[in-house]
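See below for the structure under consideration.
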Amino acid sequence: MFGREGICAVVAAKQPGAMARQLREARRETRLVELRLDWLASEHKIVRFLGRLRRRPRHHARVALIATCRRREAGGQFAGTVAAQLALLRLASECGCAWVDVEIETAERLRQGALRRLSGSAHVIVSFHDFRRTPSDLTVVLRRLKRAGGNAFKIATQCRTISDSLRVLSLARRGRCIVAVPMGEMGLPARILALRAGSAIAYAALENATAPGQISLVEMKRLYRAEKLDRRTRVYGLIGDPVSHSLSPRMHNAGFHVRGINAVYLPFLVRDLRDFLHAIEPLGVAGFSITLPHKEAILRLLDDCDALAAAIGAVNTVVVRGGGKLYGYNTDYVGVLRALEQRISLAGSRVLIFGAGGAARAVAFALAQGGAAVSICARRAHRANSLARAMGGEAIERRELRREFFDAIVNATPVGMHPHEDRSPLSAAELNCRLVFDLIYRPQKTKLLQLAERRGIETVSGVEMFLAQGTAQWEIWTGERAPVAAMRRSVLAALRDERRWRDRE
């Protein structure tokens with residue numbers, strides 16, 4: 001219905017010149033573009049932009065344009081009347097837009113058949129948006145859209161659970177004229193999988209996101225390759241809270257791309273583990289990584305577990321086997337050993353672990369197995385004591401750190417993680433050691449590592465552990481040797497890009 005190109009680039013700007021520039025950039029990447037006319041600063045500027053659109057070169061006609069001028073009551077930015085809105089959409093049709101998007105609030109004010117007459121030669125998308133929640137009965141919403149008339153029907157709702165996003169995706173199976181848009185961070189994986197599920201369009205922002213959870217066109221096409229995903233695509237992902245900071249999608253998807261594997265890795269914001277587990281079969285999830293706060297809790301929900309992971313008491317990798325059986329592993333252990341063994345001799349060394357969560361358990365286990373004397377310091381004393389007893393180590397109170405000396409200190413807390421990069425879990429006076437290892441990899445050089453460097457202490461970035469544990473995960477899932485160099489390049493390139501953006505700011 002919308003042509004072979006299902007990814008629609010969203011162009012949105014305040015000024016006509018910026019809109020025109022975005023349109024030129026968008027047509028290099030896709031053959032379907034939505035023009036958010038309501039983002040332009042005034043009706044006069046909308047008319048000016050459409051005048052420029054009328055004069056566009058003929059070769060631009062290969063790009064199908066969707067004109068949207070959403071009113072404020074439907075979550076848009078257009079403050080004019082319904083009559084003014086429809087007049088602008090009619091003008092957009094005359095200027096070459098193949099489609100116009102009219103929200104249900106406007107469409108229901110018109111008499112039967114009036115919508116198509118007012119849209120001129122353009123086809124009509126009738127759209128429903130709920131930016132607060134996903135209605136309990138989406139079938140009722142779809143019937144409402146169809147009664148209003150139109151050639152295609154879009155339902156975009158805020159997803160508070162992964163189950164909500166599955167309900168939105170299920171609409172895509174109702175026919176080729178349905179556009180299903182799960183909104184919000186919880187709905188992001190389903191948004192990326194929408195084309196695979198049968199949605200006629202998946203939206204992605206060229207520069208400015210116009211809806212919650214809308215990712216960039218570059219991410220949609222290059223990182224996730226959404227238009228290439230099909231029913232045979234194996235789905236992997238990261239589950240945790242938060243997950244938006246993670247570079248795991250860049251690392252794993254780079255590996256899939258280099259090896260030519262039909263698979264995709266997605267970030268799942270998970271607050272309720274069972275909510276995610278119920279989505280494994282519908283989404284075709286073949287395996288997943290686990291981060292805070294679920295590394296220990298997931299153990300109770302597994303069908304079986306690797307002996308090493310069971311001994312550690314935390315899992316960061318799961319394989320989905322036949323019949324939906326879940327089998328757990330821990331590759332953090334591998335990451336710790338690879339990051340530290342090249343820098344210090346673990347046997348006989350004294351190492352402090354700051355933190356007592358799932359990541360800390362893997363670190364403690366690896367260090368103890370390597371012959372180190374392990375000390376634990378954590379905000380919750382009972383957890384520090386419990387982990388110290390399990391590993392045959394000692395628990396140390398925070399106030400004692402200034403008087404103690406260690407061969408290495410390992411930060412196993414999330415303090416200092418992006419976007420709170422100005423924080424450090426420990427002060428400079430507490431860093432009495434030869435080496436500081438921060439498990440955080442984003443940013444690559446945390447505040448903690450900066451403090452250590454100023455004191456002349458050797459540092460190890462969490463990037464080393466992140467890559468080691470990630471490539472081990474990738475090999476467990478695929479059964480192939482990981483393209484380590486390519487996966488490393490993707491992570492380091494992303495970190496460099498972030499530093500450039502921060503420097504500009």
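The values are calculated or read from the model by the stated rules, or taken from the named source; none is laboratory data. Treat the numbers as computed from the prediction; the structure is a model and nothing was measured. Cβ placement follows ideal geometry from the backbone for every residue including glycine, while neighbour counts extend to all protein chains displayed.
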Counting only residues that are charged (D, E, K, R) and more than 30 Å from the chain's Cα centre (by Cα), which one in the stretch 416-463 is nearest to S349 (Cα to Cα)? R434
Return yes or no: is A356 part of a loop (DSSP other than H, G, I, E, B) and either surrounded by fewer than 21 Cβ atoms within 10 Å (Cβ to Cβ) or free of Cβ contacts under 8 Å to residues at least 60 places away in the same chain (or both)? yes
Here is a check on your reading of the model: is L142 in contact with a helix residue (DSSP H, G or I) (Cβ under 9 Å, 6 or more places away or on another chain), in a helix (DSSP H, G or I) and closer than 19 Å to I201 by Cβ? yes
Being out of contact with any His (no Cβ under 7 Å at 6 or more places or on another chain) and without any contact (Cβ under 8 Å) to a residue 60 or more places away in the chain narrows I239, I201, I215 down to just I215
How about the stretch 20-36: which of its residues are hydrophobic (A, V, I, L, M, F, W, C) and either in contact with a strand residue (DSSP E or B) (Cβ under 6 Å, 6 or more places away or on another chain) or free of Cβ contacts under 8 Å to residues at least 12 places away in the same chain (or both)? L23, A26, L32, V33, L35
So which helices (runs of 4 or more DSSP H) are wholly in the stretch 40-135 and hold at least 2 residues that are among the small types (G, A, S)? 82-94
Among the residues of the stretch 464-501, which ones are part of a loop (DSSP other than H, G, I, E, B) and either surrounded by fewer than 17 Cβ atoms within 10 Å (Cβ to Cβ) or within 19 Å of the chain's Cα centre (by Cα) (or both)? G479, E480, R481
For the stretch 86-136, how many residues are in contact (Cβ under 8 Å) with a residue 40 or more places away in the chain and surrounded by fewer than 17 Cβ atoms within 10 Å (Cβ to Cβ)? 3
Could you figure out which of (1) in contact with a Ser or Thr (Cβ under 9 Å, 6 or more places away or on another chain); (2) more than 20 Å from E464 (Cβ to Cβ) isn't true of H382? (1)
Hey, among R225, R274, R234, R250, which residue is at pLDDT 95 or above, at positive phi and not β-branched (V, I, T)? R225
All but one of (1) touching a His at 6+ places or on another chain (Cβ under 6 Å); (2) at pLDDT below 95 hold for S244; state the number of the condition that does not hold. (1)
Regarding the stretch 206-229, can at least one residue be identified that is in contact with a Pro (Cβ under 6 Å, 6 or more places away or on another chain), part of a helix (DSSP H, G or I) and surrounded by 24 or more Cβ atoms within 10 Å (Cβ to Cβ)? no
Out of all the residues in the stretch 185-218, which are among the acidic types (D, E) and within 21 Å of L65 (Cα to Cα)? E207
